[in-house]
Amino acid sequence: MDTSGKVITCKAAIAWEPGKPLSIEEVEVAPPKSHEVRVKIIATGICGTDDHVLSGSFPNVHYPVIPGHEGAGIVESIGKGVTCVKPGDKVIPLCLPQCGECESCLRSNTNCCLKTHLCAPQNLMPDKTSRFICKGKQIHHFLWISTFSEYTVMPDSTVVKIDEAAPLDKVCLFGCGFSTGYGAALNTAQVTPGSTCAIFGLGGVGLSVVMGCKAAGASQIIGIDINKDKFVKAEEVGATECLNPHDYEKPIQDVLMEKTGHGVDYAFEVVGCLDTLTAALASCHRGCGVCVMVGVPPSGSPLSFDPMLLFTGRTLKGSFIGGWKMKDSIPQLVSSYLEGKFKPDVLISHTLPFSKISEAFALVHAGKSIRIILVF
Ligand code: COD
Ligand code: ZN
Ligand code: ZN
């Protein structure tokens, strides 16, 4: 049945207010307007950030909202003026737009498009209206892509065509988790062969950092997590050793200093916590260590640390979605995946039907998952 130009009714998971569990509802999804694309989502991952949306700790989210930002699907229809994709294309929705026109997009040294949610709200489409209605109420978009809906509408700056051979229930990980972590090591830190790395937080994103450090040729890769169940996977993807800070009486940065002599060349914060950020910075080589912040501590929390940590030459850097300009890079990452250059599949601990989204979040909360893929 040709659905283009018509409202589609489908299932979506709605967060009605912060602190409440998701509920699966029937939503009406309006057709795409000019420069918008409607995508049938085939698979979506659950990222730590989606959980932050449920708890209310992710900034600038308007409720009720359909979260989800790590999806893959097939274009159902396109609005006027869309040239980058056509119906039937396999695509990945982008949690970071690449509009191609703004000051950042025109620079080669940043991926921070001025249309990102940090610069402009993405709770509604660019024309300030929603494409989602449930029980007569307007539902907000999340990062413009809301992948926890079987059909979703997004601006054409936030979607990219990928190889038609790509398995969508695997490559959805390129929409956030894998790209964020892998790029933090390769693009932001530019890890060098033979170097020493420490990764704080071994969730799906942290494990992708481990994979990036390994691909860059690091010789010592130390994983750090308070949940020792995460160590098996970390060692499988390249960690040479794993540490649980709770096993030591002294702070973990002191343990790392002792282990490495002068500190690690690269430390990555992939928890989203102020304490682990300062510990990561303090673990770096005092003269030339680079600390990369991947996680985001709760908004508004001030960071304080001894300035001497920087004075001697350490660098503190942020990494935004792995530093990738997403439209340019994601199709290439997918092609490299199809050539067998890396295996983010190992991050997938569970694949469940979309109807089990609440069970999936329970597994996330119990620390029993790495990446859960939901399939429609
Ligand atoms: N020390 C060491 N490890 C810890 C500590 C601690 N004090 N506390 C928790 N951990 C571990 C947990 O046991 C867990 O294994 C890991 O840290 C966190 O993993 P997940 O699975 O909860 O999260 P991820 O890997 O899916 O995502 C992590 C992020 C840090 C990217 C995310 O939560 C975040 O901060 N997102 C905001 C940043 C952003 O916008 N990123 C891009 C879009 S997601
Ligand atoms: Zn994410
Ligand atoms: Zn831009």
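The values are calculated or read from the model by the stated rules, or taken from the named source; none is laboratory data. Keep in mind the model is a prediction, meaning the values are calculated, not measured. In this analysis, Cβ positions are derived from the backbone assuming ideal geometry, glycine residues included, and neighbour counts consider all displayed protein chains. What goes into the accessible areas is simple: the full protein's heavy atoms, side chains included, and nothing from ligands, DNA or RNA. Shrake-Rupley method; radii C 1.70, N 1.55, O 1.52, S 1.80 Å.
Listed values, structure above:
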item	result
Search result, residues across the range 129-174 that are surrounded by 21 or more Cβ atoms within 10 Å (Cβ to Cβ) and either at positive phi or modelled with pLDDT under 95 (or both)	Leu143, Trp144, Ser146
Residue list for the range 335-358, filter: open to solvent by less than 40 Å² (accessible area, probe 1.4 Å), free of Cβ contacts under 8 Å to residues at least 60 places away in the same chain and not polar (S, T, N, Q)	Leu352
Residue check, Ile330 under 23 Å from Gly203 (Cα atoms), outside the structural domain of Glu25 (by TED's automatic domain parsing) and within 16 Å of ligand 2 (Cβ to nearest atom)	yes
Looking only at the range 57-97, and only at residues there that are of a type in the set (A, V, I, L, M) and within 16 Å of ligand 3 (Cβ to nearest atom), the one that is surrounded by the most Cβ atoms within 10 Å (Cβ to Cβ)	Leu94
Selection status of Phe305, part of a loop (DSSP other than H, G, I, E, B) and either modelled with pLDDT under 95 or closer than 30 Å to Val375 by Cα (or both)	yes
Single unsatisfied condition, Leu374 versus (1) under 20 Å from Ile42 (Cα atoms); (2) open to solvent by 20 Å² or more (accessible area, probe 1.4 Å)	(2)
Qualifying residues in the range 98-128 (those that are within 30 Å of Asp2 (Cβ to Cβ) and open to solvent by 50 Å² or more (accessible area, probe 1.4 Å)) - the one nearest to ligand 2 (Cβ to nearest atom)	Pro126
Qualifying residues in the range 164-190 (those that are small (Gly, Ala, Ser) and part of a helix (DSSP H, G or I)) - the one nearest to the chain's Cα centre (by Cα)	Gly177
Filter result for the condition that a residue is touching a Cys at 6+ places or on another chain (Cβ under 6 Å) and either hydrophobic (A, V, I, L, M, F, W, C) or assigned by TED's automatic domain parsing to the domain that holds Ile14 (or both), over Leu316, Leu338, Leu347	Leu316
Within the range 269-309, considering residues that are farther than 21 Å from Asp51 by Cβ and among the polar types (S, T, N, Q), the one surrounded by the most Cβ atoms within 10 Å (Cβ to Cβ)	Ser283
Pick from the range 33-49, criterion open to solvent by 10 Å² or more (accessible area, probe 1.4 Å) and among the polar types (S, T, N, Q), ranking: farthest from ligand 2 (Cβ to nearest atom)	Ser34
Condition met for Val346 (closer than 21 Å to Val210 by Cα and outside any loop (DSSP other than H, G, I, E, B))	yes
Cβ pairs under 9 Å, 6+ apart, first in the range 32-48 and modelled with pLDDT under 95, second more than 16 Å from ligand 3 (Cβ to nearest atom) and assigned to a strand (DSSP E or B)	Cys47/Arg371
Breaking point among (1) farther than 27 Å from Val61 by Cβ; (2) at pLDDT below 95; (3) under 16 Å from the mean Cα position of the chain (by Cα), for Asp229	(3)
Residue list for the range 269-301, restricted to those being under 21 Å from the mean Cα position of the chain (by Cα), outside any helix (DSSP H, G or I) and closer than 16 Å to Thr315 by Cβ	Glu269, Cys291, Val292, Met293, Val294
Residues of the range 200-249 satisfying the condition of being open to solvent by 60 Å² or more (accessible area, probe 1.4 Å) and near ligand 1 (Cβ under 10 Å from one of its atoms)	Ile226, Lys228, Asp229, His246
Some residue of the range 221-233 being assigned to a helix (DSSP H, G or I) and within 17 Å of Cys284 (Cα to Cα)	no
